[in-house]
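Novice: Sharing a structure, written as structure tokens. Questions coming.
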Amino acid sequence: MPFLANRKRLSELTEREILALAIASEEDDARIYRNWAAFLRKDYPASAAVFDAMSAEEDGHRRMLLDAYRARWGDAIPVIRREHVAGYLTRRPAWMIENLSLEAIRAEAAGMERDAADFYARAAQSSGHAATRKLLGDLAAAERGHENRAHELSETLLPEDARAEEDAVAHRDFVLTWVQPGLAGLMDGSVSTLAPIFAVAFATQDPWTTFIVGLAASLGAGISMGFTEAASDDGVVSGRGSPIKRGIASGVMTTVGGLGHALPYLIADFWTATTIAIIVVFIELWAIAWIQNRWMQTPFWRATLQVVVGGGLVLAVGVLIGSG
């Protein structure tokens, strides 16, 4: 691509270009932190305050860089950004923030500070001009100090009780967005496909026919559950999160649940395939009971009664109908 071919390496930049790049990078990082603060403010106000403070720190670094640049070269700053430099650190696009968890955002911020410090340190090592090396070394130290400052801000603005509260909200969001629809899909795929798959299996005793029916039932149920979950609730009022994420979780897990006991029928021997399929069914049912107990706080005995006993009854119905 012509654009990539025209990019410079870090070692090819002049002092002026490196300082201009640093100014643009500090400005971009400040905007990223402000956007994160705005995104988190409703559900995670303490973390939003941390990113507000970090944005102010980046603005302070930008002003320091601008003063140093103007003192040497005046007000005309070259237009050079991260994407113009080969191998330079990158940042996630703004629209990807909605796909990040709170912990992922915190980790991303820590990585941003480390990347900036490493950039200044590498740039200093590659410079043969004494004044430039000193300036870049000072910037590397400033960024490392900024990373320490970020930890200080987190300790000041995000005490343990606030962090625990926000972690609880993040856990709730994860459960509502991913676990609950995924569990519903796994239950539907595992249980609702039992009767038709095993009815066909015992009626035909043909593994390939059984597999085809199981594949069709699993994929059809997955598509249906995925669209139903995504269309039933946009998440605005209920607070259950992105409908696309919930639809994906429900659809994929529904398909997985059905395919689990359909895939054994790729084995040519009917009774071998059926024995393995039944074993897989009970593994699926126990897994569902464990997930309910682990993530939904359902007492294990109740989850076992609802899922294992209920699934066993559906399996028995399919076998009886197919055998009859």
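Novice: Which residues, counting only those in the stretch 60-79, are more than 19 Å from ALA140 (Cβ to Cβ) and at pLDDT 85 or above?
Specialist: Residues satisfying the conditions are ARG70, TRP73, GLY74, ASP75, ALA76, ILE77, PRO78, VAL79.
Novice: On to the next question. Might you check whether a residue that is among the charged types (D, E, K, R), within 21 Å of ALA184 (Cβ to Cβ), outside the structural domain of PHE39 (by TED's automatic domain parsing) and outside any loop (DSSP other than H, G, I, E, B) occurs anywhere in the stretch 287-300?
Specialist: Checking the stretch 287-300: at least one residue is among the charged types (D, E, K, R), within 21 Å of ALA184 (Cβ to Cβ), outside the structural domain of PHE39 (by TED's automatic domain parsing) and outside any loop (DSSP other than H, G, I, E, B).
Novice: Another question, if that's okay. Identify the residue in the stretch 8-46 that is small (Gly, Ala, Ser) and within 27 Å of TYR120 (Cα to Cα) and, among all such residues, is nearest to the chain's Cα centre (by Cα).
Specialist: Per the stated criteria, the residue is ALA37.
Novice: Hey, does the stretch 208-220 have a residue that's over 31 Å from the mean Cα position of the chain (by Cα) and aromatic (Phe, Trp, Tyr)?
Specialist: yes
Novice: Which of the helices (runs of 4 or more DSSP H) contained wholly in the stretch 177-236 include at least 1 residues that are free of Cβ contacts under 8 Å to residues at least 24 places away in the same chain, hydrophobic (A, V, I, L, M, F, W, C) and more than 26 Å from THR298 (Cβ to Cβ)?
Specialist: Those helices (runs of 4 or more DSSP H) span 207-232.
Novice: Collect the residues in the stretch 254-286 that are assigned to a helix (DSSP H, G or I), aliphatic (A, V, I, L, M) and either at pLDDT below 90 or surrounded by fewer than 24 Cβ atoms within 10 Å (Cβ to Cβ) (or both), keeping them in residue-number order.
Specialist: VAL256, LEU259, LEU263, LEU266, ALA273, ILE276, ILE278, ILE279, VAL280, VAL281, ILE283, LEU285
Novice: Within 24 Å of ARG31 (Cβ to Cβ), modelled with pLDDT under 80 and surrounded by 16 or more Cβ atoms within 10 Å (Cβ to Cβ): is that true of LEU176 in this structure?
Specialist: No.
The values are calculated or read from the model by the stated rules, or taken from the named source; none is laboratory data. All figures in this text were calculated on a predicted structure; none of them were measured in a lab. Note: ideal-geometry Cβ built from the backbone for every residue, glycine included; neighbour counts use all protein chains shown.
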